[in-house]
């Protein structure tokens, strides 16, 4: 047995035979031609044929996936009409007196290299698009066809997959996708998530070398692992995991689309907590109404330098686009305490949980804060984003943070960069101080989200990282529940909503009590959404 790891773009377990996707490799030779206008005409005939093929894919995407996905192919059609692309091919044919195939291939290389060299990761992704459309023109010129026919349910393995290649396959016979390269932000990754197909990308350039047709493979989309020729123990363990996943899917089939409402009609929003864009598949798979906590720390952890504005923008934009207009609450940087990042050069502290962390870093190092806020605000043009500040203890902190937001808004307006000018701003209530002055704080924000983990830690004076104190860590302590109820009451008195995004929100034994308190939203791990919905539906 061989185990490989990649990046998961959609959760799920699948076991089955593998099919290797082998596309036509165009060996394009430069051939001198006498009649350049005939070659130009050949190019345009092939270009129109490629556009017709892409138009068919557009219509298929509308029918089988959704309008958002179909837009990918609408863009591809426009790229084939791009004057710069057309002029480049025509000029190459005429000035070099060369065949159309060579000119198309040269244009594809030139434009792809140009896009790949850009700093904007969104534009870097366009390199794959230009190669995709040029490949279709070359197919038309050479009479080639990349189509792979799946005659039985199979796991599709490839070096990479273009969106058109993904959509051309028979969805009913695709068990999973596994690729050597690719990113979780690519069009194909988004397409796999939307189609609900387990997928792992970036498994390394040796993936195909280890595979042969019909070989048994296990794809674990939860952990991003690929098991080739699994042994008996692994097969049994993964089969059990797959069966559990199928039970969850059965629960989804029974509860999907149902309102999160008690028998008496009291409704509550069920949102998901995520830590990175790769978690989107679980959010969509479990029918979350939105994202109530998007932890932005993943962009800062596990690296040696600060993430760029473009890198952050791409991550937020990916999530917002995939959520299709549903609310996404992005929590600003919450570094410090148990989340150490060396390049921040934070001072050593005897008690970091009570030290220099979260909003305190952002307010004293505004250059870091502004970069993140610019990325969030720019991404807000692509969905429904909300901004949330962590670790608030005073009204002044809220005033100062909002002032920086306004400065960033003014900069973007001057630069004529689109953003949601009415973006909602909220705060986390995770300190007793914030809960006690919640009536004052509510006058300056659009919503509250109670971080029950830290609220419990600070109220009970118990370090939640200290496992020897687990016996004393009581999230059901009356003081905690009173602070939550008090916060919700003050929120409603000031006309704003109040949610819970800590682990306590997933506690089914408290669901009825939270509803009675008037809690408007519970944001929990994706896997907790359906069991919690089932509980809410049973409350009389």
Hey, any hits in the stretch 110-133 for a residue that's without any contact (Cβ under 8 Å) to a residue 40 or more places away in the chain, under 37 Å from the mean Cα position of the chain (by Cα) and more than 30 Å from residue 378 (Cβ to Cβ)? no
Whether any residue in the stretch 166-174 is buried (at least 24 other Cβ atoms within 10 Å of the Cβ) and under 19 Å from residue 222 (Cα atoms) is what I want to check. no
Can you go through 15, 86, 54, 72 and tell me which one is assigned by TED's automatic domain parsing to the domain that holds residue 218 and not in a loop (DSSP other than H, G, I, E, B)? 15
What do you reckon, is residue 190 crowded, with 17+ Cβ neighbours inside 10 Å and not in a helix (DSSP H, G or I)? no
Residue within the stretch 184-195 that is closer than 20 Å to residue 153 by Cα and more than 19 Å from the chain's Cα centre (by Cα) present: no
In this structure, is residue 447 farther than 21 Å from residue 521 by Cα, assigned by TED's automatic domain parsing to the domain that holds residue 507 and crowded, with 16+ Cβ neighbours inside 10 Å? no
Options 344, 389; residue that is closer than 30 Å to residue 324 by Cβ and under 27 Å from the mean Cα position of the chain (by Cα): 389
Check the stretch 472-485 and report whether any residue there is touching a strand residue (DSSP E or B) at 6+ places or on another chain (Cβ under 7 Å) and surrounded by 15 or more Cβ atoms within 10 Å (Cβ to Cβ). yes
Looking at 179, 188, which one is free of Cβ contacts under 8 Å to residues at least 60 places away in the same chain and outside the structural domain of residue 40 (by TED's automatic domain parsing)? 188
Look through the stretch 455-477, keep the residues that are at pLDDT 90 or above and part of a helix (DSSP H, G or I), and return whichever of them is nearest to residue 430 (Cα to Cα). 455
Would you mind stating whether residue 28 is closer than 26 Å to residue 114 by Cα, surrounded by 20 or more Cβ atoms within 10 Å (Cβ to Cβ) and in contact (Cβ under 8 Å) with a residue 24 or more places away in the chain? no
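The values are calculated or read from the model by the stated rules, or taken from the named source; none is laboratory data. Here the structure is a predicted model, which is why all the values come from computation and not from measurement. Using ideal geometry, Cβ is built from the backbone for each residue, glycine included, and neighbour counts are taken over all protein chains shown.
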